[in-house]
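Worksheet: the structure to be examined is printed underneath.
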Amino acid sequence: MAGTLTEEFVIPARHATAFEVKQGQTFRIHQIDGYQVGDCVFYNAHDYKEMFHVGQSWAINVICGTGTSKSFKHFYSKPPRENVMMTVVDDTCRNHWGNMGGRCSTRLYQLRDNIEAGHRSCQENLTEALAPYGISGDEVFDIFNVFMNVDLHEDGGFTILPTEVSADDYIDIRADMDILAAISACPADTSPTNGGNSAPLGIKIFD
Ligand SMILES: [Zn+2]
């Protein structure tokens, strides 16, 4: 039970939206059409130097027995802070890519798909969405690849598989401090990431 719904909106396909969540509120990232991955960044709303760190979150959750690279409980900020920024309270998918921090970018589309320019990317989407907050592309740091389905190989490689998330799946995350979030509905349509199509994502904020 997430609480009283106070706000809801849709992140359009291939675009990003930035929004604030107060300490104690829970926000839900949910599917609309299904098969859509999101690339997310999180900051302390009062001090943008404190931001979500993927490697430290992976390490501490594994050490403390609270999660894995696919599904973890606590989002930690970058050292030297290492505070719990947010806590997962419900997760119907439990299959994310929580140990990498990457995102699609112009460079990645060039190298992977031979698309020289003109394809929207999560890096550019998040930069656009965060510009009103004075945050630049250089400060778009580690990404939480929500709903992204990745097969990790024994040799250290990986394969991006089509996401398994369906239209009624969601993740509920409680803010343990005031959070500035930005989430991109990943525009990848030339790889299996989103099942070959880019769809919107929904956000609900509960008190
Ligand atoms: Zn992307």
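From the list Glu7, Glu20, Glu50, Glu82, pick out the single residue that is among the charged types (D, E, K, R) and in contact with a Leu (Cβ under 6 Å, 6 or more places away or on another chain). Full working, then the answer.
On the way: Glu7 fails: in contact with a Leu (Cβ under 6 Å, 6 or more places away or on another chain); Glu50 fails: in contact with a Leu (Cβ under 6 Å, 6 or more places away or on another chain); Glu82 fails: in contact with a Leu (Cβ under 6 Å, 6 or more places away or on another chain).
Only one candidate passes the filter, namely Glu20.
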Go through (1) small (Gly, Ala, Ser); (2) within 14 Å of Val37 (Cβ to Cβ); (3) away from the ligand (no atom under 13 Å from the Cβ); (4) in contact with a Leu (Cβ under 9 Å, 6 or more places away or on another chain) one by one and return the number of the condition Ser184 breaks. (3)
Qualifying residues in region 44-78 (those that are touching a helix residue (DSSP H, G or I) at 6+ places or on another chain (Cβ under 8 Å) and among the aromatic types (Phe, Trp, Tyr)) - the one surrounded by the fewest Cβ atoms within 10 Å (Cβ to Cβ): Tyr48
Any idea which residue in region 106-130 is nearest to the ligand (Cβ to nearest atom), counting only those that are buried (at least 16 other Cβ atoms within 10 Å of the Cβ) and small (Gly, Ala, Ser)? Ser121
Please indicate, with yes or no, whether at least one residue in region 45-58 is within 16 Å of the ligand (Cβ to nearest atom) and part of a strand (DSSP E or B). no
Check off (1) of a type in the set (Lys, Arg); (2) without any contact (Cβ under 8 Å) to a residue 12 or more places away in the chain; (3) under 25 Å from Ala167 (Cα atoms) for Arg103 and give me the number that stays unchecked. (2)
So Met1 clears everything in (1) modelled with pLDDT under 95; (2) in a strand (DSSP E or B) except one condition, right? Which one? (2)
Only unsatisfied item for Tyr35, checking (1) of a type outside the set (S, T, N, Q); (2) assigned to a strand (DSSP E or B); (3) within 16 Å of the ligand (Cβ to nearest atom), is (2)
Restricting attention to region 96-139, the residues that are hydrophobic (A, V, I, L, M, F, W, C), under 16 Å from Pro187 (Cβ atoms) and in a loop (DSSP other than H, G, I, E, B) number exactly 3
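The values are calculated or read from the model by the stated rules, or taken from the named source; none is laboratory data. Worth saying up front: this structure is predicted, and the values here are computed from it rather than measured. Ideal geometry is used to build each Cβ from the backbone, glycine not excepted, and the neighbour counts take in all protein chains shown.
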